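A short write-up of the structure that comes next.
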Amino acid sequence: MRDLRDAGIGAETVARMVREGMVVRVARGLYQLTDAMPDPRRSFAEASALVPKGVICLTSALQFHELTLQMPSAVWIAIERTGWKPKVEYPPIRFVRFGSKALKEGVKRHSIDGIEVPIFEPAKTIVDCFRYRNKIGLDIALEGLREGLRTKRATPDQLWEFARSARVWSVMRPYVEAMVADGA
């Protein structure tokens, strides 16, 4: 709604467009054209607009970077450990809490549907998947690691740097060494 207002479109005009079926209200403050093509990345933009201090992470970030075949049922967003957790009806969001340092490192901003969306870079995402392997599953973390190394979107040095900071290198090391030896 804020973007529409900035473009000079008033609330009454938007309400009329919704009544006439030109626009669909998908959530409070979020509108979309009725004939808009479905795009899995749009949910990242919508979630980012509703949680401005959050960062897309875990399987959602893996999917964005094309490092997994998994389609998460909800958008995974990292928020500050002591921060406010917003109540969001749509899109479905799963929150994980990160410390302030972990929330700031490895963040890249991408433009999706005109919205600047913060998403963790591939190496940081893979490390976080190992860090939260009990929540998302070790198989997803291993798939992300395998694809990250195979496509060269993450190097062992980058993984080591982020894993050392997150204190999960001892968990990741055997998997990284095995995949590098196999030429993953």
* Only one of (1) within 16 Å of the chain's Cα centre (by Cα); (2) farther than 30 Å from Glu177 by Cα is not met by Glu89, so which one is it? -> (1)
* Structure fact -> The condition from (1) surrounded by 22 or more Cβ atoms within 10 Å (Cβ to Cβ); (2) in contact (Cβ under 8 Å) with a residue 60 or more places away in the chain that Ser60 misses is numbered (2)
* Please work out which one of (1) under 22 Å from Gly137 (Cα atoms); (2) at pLDDT 90 or above is the condition His110 fails and give its number. => (1)
* Is it fair to say Arg131 is under 15 Å from the mean Cα position of the chain (by Cα) and modelled with pLDDT of 95 or more? -> no
* To do: Check the stretch 104-112 and report whether any residue there is touching a residue at least 60 places away in the same chain (Cβ under 8 Å) and of a type in the set (A, V, I, L, M).
  => yes
* Any idea which of (1) surrounded by fewer than 18 Cβ atoms within 10 Å (Cβ to Cβ); (2) more than 15 Å from Leu67 (Cα to Cα); (3) of a type outside the set (Val, Ile, Thr) is the one Arg150 doesn't satisfy? -> (2)
* When you scan the stretch 155-184, how many residues do you find that are within 20 Å of Glu105 (Cα to Cα) and assigned to a loop (DSSP other than H, G, I, E, B)? -> 3
* **Condition check for Gly114: surrounded by fewer than 20 Cβ atoms within 10 Å (Cβ to Cβ) and either hydrophobic (A, V, I, L, M, F, W, C) or more than 10 Å from the chain's Cα centre (by Cα) (or both)** => yes
* Filter result for Phe98 (within 14 Å of Asp128 (Cα to Cα), surrounded by 16 or more Cβ atoms within 10 Å (Cβ to Cβ) and of a type outside the set (S, T, N, Q)) -> yes
* Structure fact -> The condition of being assigned to a helix (DSSP H, G or I) and either out of contact with any Leu (no Cβ under 6 Å at 6 or more places or on another chain) or touching a residue at least 24 places away in the same chain (Cβ under 8 Å) (or both) holds, among Lys152, Lys135, only for Lys135
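The values are calculated or read from the model by the stated rules, or taken from the named source; none is laboratory data. Computed from a prediction, not measured in an experiment: that's the story for all the values here. Heads up, the Cβs are rebuilt from the backbone with ideal geometry, glycines too, and the neighbour counts pull from every protein chain shown.
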